[in-house]
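Single-structure report; data block below.
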Amino acid sequence: MFKGILIEGSRSDQQVSLKAIDEAQLPEGDVTVDVAYTTLNYKDALAITGRAPIAKSYPMVPGIDLAGVVTESSNSEFKAGDEVVLNGWGVGEKHWGGLAQKARLSGDWLIPLQAPFTARQAMAIGTAGYTAMLCVMALETHGVTPDSGDILVTGATGGVGSVAVAVLAKLGYSVIAVTGRPEEEGYLKSLGAKHILDRGELTEPGKPLARETWAGAIDVAGGQVLANVCAGMKYRGVVAACGLAAGMDFPSTVAPFILRGVTLCGVDSVMAPKEDRVHAWKRLAQDLSPELLDSMITEVPFDEAIDAAGRLMDGKIRGRVVISVAD
Ligand code: NDP
């Protein structure tokens, strides 16, 4: 038996609890992992609270991320004792996930734990941090450099936002952090933000084109916020969009794209190819300061993870959640 969070019932009436689960119930896969650490991402919180249809079948173990040690493998790339990390691939949605002491997975979804990170640090980064790095890489691919001008990061005190601010600042970019939590100015400046912008400046419908202000942006919000971000980009500015914290809609016009040559790049972490993942993790090892990563962590005991999901949805958790499941 092992401990895990189980979402049971149905889409319209789900129950979530921390339970003892029989190993015989583990799904199919060619690699079995003893999970050491996991985390709570926005998507995990949506799944646990039932605020969006993340679990695609029931019962489901949530958790889109895990870090642990291989105990059994018939996959040629992994053997017992290997330290591995998993991000996404529909795990925690369609396949039992990381909020459990054991997981059985396809080896094709796993990557080796990136040195010098520990399993705990890898989960402090998690999908949120790895997505932040994919966003930074998208800006670079489209020619944004520290000389281009200010870079806007929305949802800055959240998981993606915190890592994005820290990485961009370390790379020498001038970062403007957008937040709905002005009391976190000290935290955001400690991560390297140059200025703080109140989220309220971006939430009301604006003009199709606003003053040219930002050379690049990483947006976790979507909705009206993303529309206003696009309207305020400089000529040939680049926006990496990865989230929907403000909404799924996009009430924009084509004006920023056809009159200012703005590029809007979509960033997806779930199905990103393995080489992009490995590259993003290598870049995180190079460009994310371990001390700043430590300052982002909220440690949550495994038996409080369900409550913490509600707090994360309510915007009451700053940075990244780390959960040790091994005890
Ligand atoms: P967090 O909950 O850690 O952070 C989200 C942050 O967004 C909050 O902390 C808050 O920051 C801000 N926010 C909350 N509500 C609103 C709102 N109504 N308008 C504008 N900003 C808001 O989540 P993550 O950082 O883990 O994820 C952020 C988003 O990115 C989510 O939508 C998630 O689904 C998405 N995501 C997408 C991925 C992909 O592959 N495309 C991968 C990972 C995440 P503050 O208080 O500072 O304003």
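Hey, any hits in the range 143-160 for a residue that's in contact with a His (Cβ under 9 Å, 6 or more places away or on another chain), outside the structural domain of residue 30 (by TED's automatic domain parsing) and touching a residue at least 24 places away in the same chain (Cβ under 8 Å)? I'd like the intermediate steps shown before the answer.
Our first condition is that a residue be in contact with a His (Cβ under 9 Å, 6 or more places away or on another chain); within the range 143-160, this holds for 150.
Filter once more, so that each one left must be outside the structural domain of residue 30 (by TED's automatic domain parsing): 150.
Within this subset, residues satisfying the condition of being touching a residue at least 24 places away in the same chain (Cβ under 8 Å) are 150.
Yes, there is a match, as at least one residue in the range 143-160 is in contact with a His (Cβ under 9 Å, 6 or more places away or on another chain), outside the structural domain of residue 30 (by TED's automatic domain parsing) and touching a residue at least 24 places away in the same chain (Cβ under 8 Å).
Step by step: first the residues of the range 14-67, then only those that are part of a strand (DSSP E or B) and within 16 Å of the ligand (Cβ to nearest atom), then the one that is farthest from residue 312 (Cα to Cα). Which residue is that?
The residue in question is 66.
Looking at 13, 44, 65, which is the one that is free of Cβ contacts under 8 Å to residues at least 24 places away in the same chain and either at negative phi or more than 16 Å from the chain's Cα centre (by Cα) (or both)?
It is 13.
Residue by residue through the range 132-145, note down the ones that are within 16 Å of the ligand (Cβ to nearest atom) and surrounded by 20 or more Cβ atoms within 10 Å (Cβ to Cβ).
Across the range 132-145, the qualifying residues are 132, 133, 134, 135, 136, 138, 139.
Give me the pairs, please: first residue somewhere in the range 252-279 and outside any strand (DSSP E or B), second residue anywhere and open to solvent by 50 Å² or more (accessible area, probe 1.4 Å), beta-carbon distance under 6 Å, and either six or more positions apart or on two chains.
Partner pairs satisfying both residue conditions: 253/208; 255/208; 255/209; 260/235; 261/236.
If only one of 66, 86, 46, 134 is in the same structural domain as residue 217 (by TED's automatic domain parsing) and either in contact with a Leu (Cβ under 8 Å, 6 or more places away or on another chain) or within 30 Å of residue 264 (Cα to Cα) (or both), which one is it? If you could, list the steps in order and put the result at the bottom.
Working: 66 fails: in the same structural domain as residue 217 (by TED's automatic domain parsing); 86 fails: in the same structural domain as residue 217 (by TED's automatic domain parsing); 46 fails: in the same structural domain as residue 217 (by TED's automatic domain parsing).
Unique residue meeting the criteria: 134.
With the structure loaded, tell me whether residue 109 is within 16 Å of the ligand (Cβ to nearest atom), over 16 Å from residue 306 (Cβ atoms) and assigned by TED's automatic domain parsing to the domain that holds residue 25 or whether it fails that test.
yes
Are any residues in the range 232-251 touching a residue at least 40 places away in the same chain (Cβ under 8 Å) and exposed (fewer than 14 other Cβ atoms within 10 Å of the Cβ), and if so, which ones?
Answer for the range 232-251, where residues must be touching a residue at least 40 places away in the same chain (Cβ under 8 Å) and exposed (fewer than 14 other Cβ atoms within 10 Å of the Cβ): just 251.
Among the candidates 227, 240, single out the residue that is among the small types (Gly, Ala, Ser), farther than 25 Å from residue 323 by Cβ and assigned to a helix (DSSP H, G or I).
None of the others qualify; the one that does is 227.
Just to be sure, is residue 130 aromatic (Phe, Trp, Tyr) and more than 20 Å from the chain's Cα centre (by Cα)?
Here the answer is no, as residue 130 does not meet what is asked.
Name the residue, out of 92, 81, 50, that is without any contact (Cβ under 8 Å) to a residue 60 or more places away in the chain, buried (at least 24 other Cβ atoms within 10 Å of the Cβ) and more than 26 Å from residue 295 (Cα to Cα).
92
Go through the residues of the range 245-253 one by one and say whether even a single one is more than 11 Å from the ligand (Cβ to nearest atom), modelled with pLDDT of 95 or more and of a type in the set (A, V, I, L, M, F, W, C).
The answer is yes, given that some residue of the range 245-253 is more than 11 Å from the ligand (Cβ to nearest atom), modelled with pLDDT of 95 or more and of a type in the set (A, V, I, L, M, F, W, C).
Out of all the residues in the range 146-155, is one or more within 9 Å of the ligand (Cβ to nearest atom), assigned to a loop (DSSP other than H, G, I, E, B) and not basic (Lys, Arg)?
There is at least one residue in the range 146-155 that is within 9 Å of the ligand (Cβ to nearest atom), assigned to a loop (DSSP other than H, G, I, E, B) and not basic (Lys, Arg).
Please determine, by comparing only the residues of the range 169-202 that are of a type in the set (Ser, Thr, Tyr) and either crowded, with 20+ Cβ neighbours inside 10 Å or in contact with a Ser or Thr (Cβ under 9 Å, 6 or more places away or on another chain) (or both), which one is farthest from residue 251 (Cα to Cα).
Initially, the range 169-202 is screened for residues of a type in the set (Ser, Thr, Tyr), giving 173-174, 179, 187, 190.
Cutting the leftovers down to either crowded, with 20+ Cβ neighbours inside 10 Å or in contact with a Ser or Thr (Cβ under 9 Å, 6 or more places away or on another chain) (or both) gives us 173, 179, 187, 190.
Details: 173: 28, 179: 20, 187: 31, 190: 33 Å.
By that ranking, first place goes to 190.
Please verify whether residue 43 is under 22 Å from residue 10 (Cβ atoms) and open to solvent by 50 Å² or more (accessible area, probe 1.4 Å), treating the condition exactly as stated.
Numbers: under 22 Å from residue 10 (Cβ atoms): yes; open to solvent by 50 Å² or more (accessible area, probe 1.4 Å): yes.
Here the answer is yes, as residue 43 does meet what is asked.
The values are calculated or read from the model by the stated rules, or taken from the named source; none is laboratory data. Quantities reported herein were computed from a predicted structural model and do not represent experimental measurements. Virtual Cβ from ideal backbone geometry, glycine too; neighbours counted across all protein chains shown. Remember, those area values only see protein heavy atoms, side chains included, never the ligands or the DNA or RNA. Shrake-Rupley method; radii C 1.70, N 1.55, O 1.52, S 1.80 Å.
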